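Here the structure comes first, spelled out in structure tokens, and everything after it is commentary.
The values are calculated or read from the model by the stated rules, or taken from the named source; none is laboratory data. Here the structure is a predicted model, which is why all the values come from computation and not from measurement. Cβ coordinates were reconstructed from backbone atoms using ideal geometry, including for glycine residues, and neighbour counts include every protein chain displayed.
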2 protein chains.
Amino acid sequence: MTYRYQQLEQWLLQGIQEQRWQPGGRLPSIRELCSQKSLSKATVMHALQRLEALGLVEARPKSGYFVTCRPVQTQAPAVPTQIAAPRPVTVSDVLLDIMRRSAAFDLLPTPQAGDLPHSLVTLNRCIGRALRRQKGNDYQYYDEPAGDGALREQIAVHASRRGWSVSPEQLCITSGCQHALFLALMASCERGDVVAVESPGFYGVLQLLAQLGLQGVEVPSSSDQGMDLDAFEQVLTRWKVKACIVSPAFATPSGALMPPAARLRLMALANRHDLVVIEDDIYADTAFGVIPDPLKALDTEDRVILCSSLSKSLSRDLRLGWVSGARWHERIQHLKLVTQLASSRYLQQGVSDFMADGSYATHVRRQRTELRNRRDQLLSALASWPMDIRVSRPEGGLAVWLELPEPVDTLSLYHRALEQGVVITPGPLFSITGQFGNCLRMSFAHPWDNSRLEALARLATLIERIG
Amino acid sequence: MTYRYQQLEQWLLQGIQEQRWQPGGRLPSIRELCSQKSLSKATVMHALQRLEALGLVEARPKSGYFVTCRPVQTQAPAVPTQIAAPRPVTVSDVLLDIMRRSAAFDLLPTPQAGDLPHSLVTLNRCIGRALRRQKGNDYQYYDEPAGDGALREQIAVHASRRGWSVSPEQLCITSGCQHALFLALMASCERGDVVAVESPGFYGVLQLLAQLGLQGVEVPSSSDQGMDLDAFEQVLTRWKVKACIVSPAFATPSGALMPPAARLRLMALANRHDLVVIEDDIYADTAFGVIPDPLKALDTEDRVILCSSLSKSLSRDLRLGWVSGARWHERIQHLKLVTQLASSRYLQQGVSDFMADGSYATHVRRQRTELRNRRDQLLSALASWPMDIRVSRPEGGLAVWLELPEPVDTLSLYHRALEQGVVITPGPLFSITGQFGNCLRMSFAHPWDNSRLEALARLATLIERIG
């Protein structure tokens, strides 16, 4: 980036994101900006007009420029109503390739340079110190299969703040949440069993069903309520369902936070139909408000297997997750031992130290505000798109769920967008019946800078041209 | 350790292990030791007699004390001759508990204090540096499913020194060798398939068969030749075998290095019967001599899946392994993605740097001599045991295979030894038909110091009392 208007644009953008100027607040006047930054009026106007085009600021005649604050009209995406019979899950190679790229949760295809955030530097220091504490013949020993006791203790303390009382003995450390989900399914289900999933639902789960030879049945899930429990009850009456995988806190891609009453009803259904409930809790710590209690806190019959990790709330490169396996816990721990022996001890100790000194809690608190602002910026930008779209407004997580006009096929859009350096996650990835062809998941995990806003604008142009 | 005779004993022990005095060589005289170390004659005698009792030195009348060098009579343990039909594998909880403890490969139950070996300090520095190189939003990206390219490059270079030409694209990084074996079996076999294993064979593999619902058939394996190929040919004629898991380089527990002719014959059988061959290569780098070529180097039909890791040759706490999946490679990589998403990038980079600067090669070279000396010390000590034993004499690996007199039951011996602070790995762990009740695996992975030699002596006393 070299032009002066771009530098100003970047500075204004950052100020808006840091709420130096509140939503609805007035930006410095053109004259003020000219003199403060020693820029020509044309340069200042250029920057402001670009931000206006992105929907982030608006000009009010004779008053100046204001940070956009229209309560963005987010009409929630439609929810499917028909339910298909359980079926074996197959996933194409194209989807697999997309899954790889989109797991990064970024509109841009490659990592950016720049400084590591402060909390990540602290985390890495903790891990480095744990490495330097290794002594004697420690390195010739495997960690115990359940994982490091101190880390499990910290996770239990963190859980207790959310109304979930768990002992370290009820936790088993895994290589991330996907690994936890895999162990949970492998321990509780057998080939051919029917597993209910949310629709739209996380593609990683659908892939697991495919690999384990399980059948999937899709239960419609809305972006405000989560799983449709009327529909789920129908499913349970019509078919023998063994397990259900649900993400009550900011499910990807719907972003829904399941309301308390729905949680109680889900657990009642699970008890009545003797279901294994696998709770994917990975997004809970990204809550913009209070971190919600897990469904597991309502589990009176020891049937909820909770799976989580630090990949979404801290770092994807740690590869550390955990599972609390209810009545299947012993088998899960056995499976972990047999398929992997152990996790790395020093890494767990480093993360445990990071949590113990309060750095993780601080990090989550700081991130919360950042993520909410990033979501708001994205919704503002989307509000200025010319075509008719519906979009979720999640209160946590890292992405919105977007419904485009019917003719748009997001699978082909994916390839065309990638050519232009924009990564989207197309809707069909989130379904085993090929639904959501005109939907996509769009990430707000990263700060909005010029390059990302321009990627967004390129995407809008592409869609307009198709639609 | 506080007594002066113990200090002298330790000093002599170390000298013997470092070959300051060659096997068969004379130790300093009692008078020399008294004056060199300012000790009384009684103290010096005490230390020498203890070493003599351990079989490490011998007194020759009027000549002094000599380092034991009798060409230790290692009569190889017997090899089973009967072959049982394929059967589902079940493993008891007791065995699972033992498996946990014995994976540490130490006679003593807990890690020891002291300094970390030099090469481990270097390794940890490399990992620390890789951590500090993280920048920008690296932490928000998952590594590619195949694993870090630079690490795969290093592994390919290492492989090429052993006559195996592999490209980085043919390698997939895993969480250790056990994880690689799991992926290999899951990708190439289906529930109910028959898998041939060595007998005695690695318990981790037997556990995997149990968990994946595979049937096992045991092929007798001797400590000098490895798998008995006449027996294997019989098995192949009588039953439909899908895959065979073999560890041609220093298999645990037999320690055998499969001779070149046997390797060729094994591959011919595999080609004729269209077998999946899963090669567990984890001990190759512990060779006391030249590192042998892998079986994979003879694979002309793309049917050998090679699995390995750095756990035995470098550190068990890294949790880094690899698999080269032959015609099943794509499916293996897919399974890794689906069950775990990715491996930690910074960790792989650290290990890759460690290999690239030659530190790994240096480490393996140094370790080679140490391990041979430790094996020799163990064989010497065992030669002085009063009961009739047979023991393997491996040219690599970390353990010997020991056959005790018939009445000894090593499963109950395990529990009694543990009470006295000694860990053994009982024979039945290495069989799915409960064979090897009077055998055990004994480790020489750690330097022999007083505490380990005393543990060995306690074990001999226990066995004598039982037998």
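Of all residues in region A:211-259, those being closer than 17 Å to A:L185 by Cα, outside any loop (DSSP other than H, G, I, E, B) and either outside the structural domain of A:A184 (by the TED database) or not aliphatic (A, V, I, L, M) (or both) number 5.
Looking only at region A:125-140, residues that are under 30 Å from A:F202 (Cβ atoms) and either touching a strand residue (DSSP E or B) at 6+ places or on another chain (Cβ under 8 Å) or free of Cβ contacts under 8 Å to residues at least 24 places away in the same chain (or both) come to 0 in all. Taken over region B:52-71, the residue count meeting the criterion of being among the aliphatic types (A, V, I, L, M) and at pLDDT 80 or above is 3. What about A:G136, is it small (G, A, S), within 8 Å of chain B (Cβ to nearest Cβ) and in contact with a helix residue (DSSP H, G or I) (Cβ under 7 Å, 6 or more places away or on another chain)? Here the answer is no, as A:G136 does not meet what is asked.
Suppose the filter is within 18 Å of B:R125 (Cβ to Cβ), within 14 Å of chain A (Cβ to nearest Cβ), among the polar types (S, T, N, Q) and assigned to a helix (DSSP H, G or I); does B:Q367 pass it? When the stated conditions are applied, B:Q367 does not pass them. A count restricted to region A:183-210 and to residues that are in a loop (DSSP other than H, G, I, E, B), over 20 Å from the mean Cα position of the chain (by Cα) and away from every other protein chain (no Cβ under 12 Å) stands at 2. The numbered conditions (1) modelled with pLDDT under 95; (2) over 25 Å from the mean Cα position of the chain (by Cα); (3) within 18 Å of A:E169 (Cα to Cα) are all true for A:S344 except (3). Can you find, within region B:207-234, the residue that is farthest from B:W401 (Cα to Cα) among those that are out of contact with any helix residue (DSSP H, G or I) (no Cβ under 8 Å at 6 or more places or on another chain) and surrounded by 24 or more Cβ atoms within 10 Å (Cβ to Cβ)? Step by step, filter region B:207-234, then rank; the result is B:E218.
Within region B:287-312, the only residue that satisfies the criterion of being surrounded by fewer than 22 Cβ atoms within 10 Å (Cβ to Cβ) and either of a type in the set (S, T, N, Q) or outside the structural domain of B:A184 (by the TED database) (or both) is B:T300. If you go through region B:188-201 and pick out every residue that is surrounded by fewer than 24 Cβ atoms within 10 Å (Cβ to Cβ) and either touching a strand residue (DSSP E or B) at 6+ places or on another chain (Cβ under 8 Å) or modelled with pLDDT of 95 or more (or both), you end up with 5. Residues that are modelled with pLDDT of 95 or more and farther than 11 Å from A:C307 by Cβ within region A:172-187 comprise A:I173, A:M186, A:A187, listed in sequence order. The single condition among (1) buried (at least 18 other Cβ atoms within 10 Å of the Cβ); (2) not assigned by the TED database to the domain that holds A:G176 that A:C126 does not satisfy is (2).
With the condition kept exactly as written, say whether any residue in region B:156-173 is within 14 Å of another protein chain (Cβ to nearest Cβ) and of a type outside the set (S, T, Y). Yes: one or more hits. The residues of region B:426-460 that are of a type in the set (S, T, N, Q), over 19 Å from B:E406 (Cβ atoms) and at pLDDT 90 or above amount to a single one, B:S443. Can we say B:S324 is of a type in the set (S, T, N, Q), in contact (Cβ under 8 Å) with a residue 12 or more places away in the chain, buried (at least 22 other Cβ atoms within 10 Å of the Cβ) and within 10 Å of another protein chain (Cβ to nearest Cβ)? When the stated conditions are applied, B:S324 does not pass them. Counting only strands (runs of 3 or more DSSP E) that sit completely within region A:272-344, those holding 1 or more residues that are polar (S, T, N, Q) and either over 26 Å from B:A184 (Cβ atoms) or in contact with a strand residue (DSSP E or B) (Cβ under 6 Å, 6 or more places away or on another chain) (or both) correspond to A:304-309, A:321-324. Annotation note: Cβ proximity below 7 Å between a residue of region B:438-467 that is under 12 Å from B:L107 (Cβ atoms) and a residue that is in a helix (DSSP H, G or I) and hydroxyl-bearing (S, T, Y) (sequence gap 6+ or interchain) occurs for B:L440/B:T410.
Scanning region B:411-451 for residues being within 14 Å of chain A (Cβ to nearest Cβ), crowded, with 23+ Cβ neighbours inside 10 Å and assigned to a helix (DSSP H, G or I) gives a total of 1.
Taking the listed residues B:D106, B:D97, the one that is modelled with pLDDT of 75 or more and assigned to a helix (DSSP H, G or I) is B:D97, with no other qualifying.
Could you run through region A:300-315 and say how many residues are of a type in the set (K, R), touching a residue at least 40 places away in the same chain (Cβ under 8 Å) and more than 15 Å from A:F250 (Cα to Cα)? So the answer is 0. Residue-level check: of (1) without any contact (Cβ under 8 Å) to a residue 60 or more places away in the chain; (2) under 28 Å from B:L206 (Cβ atoms), A:R319 misses just (1).
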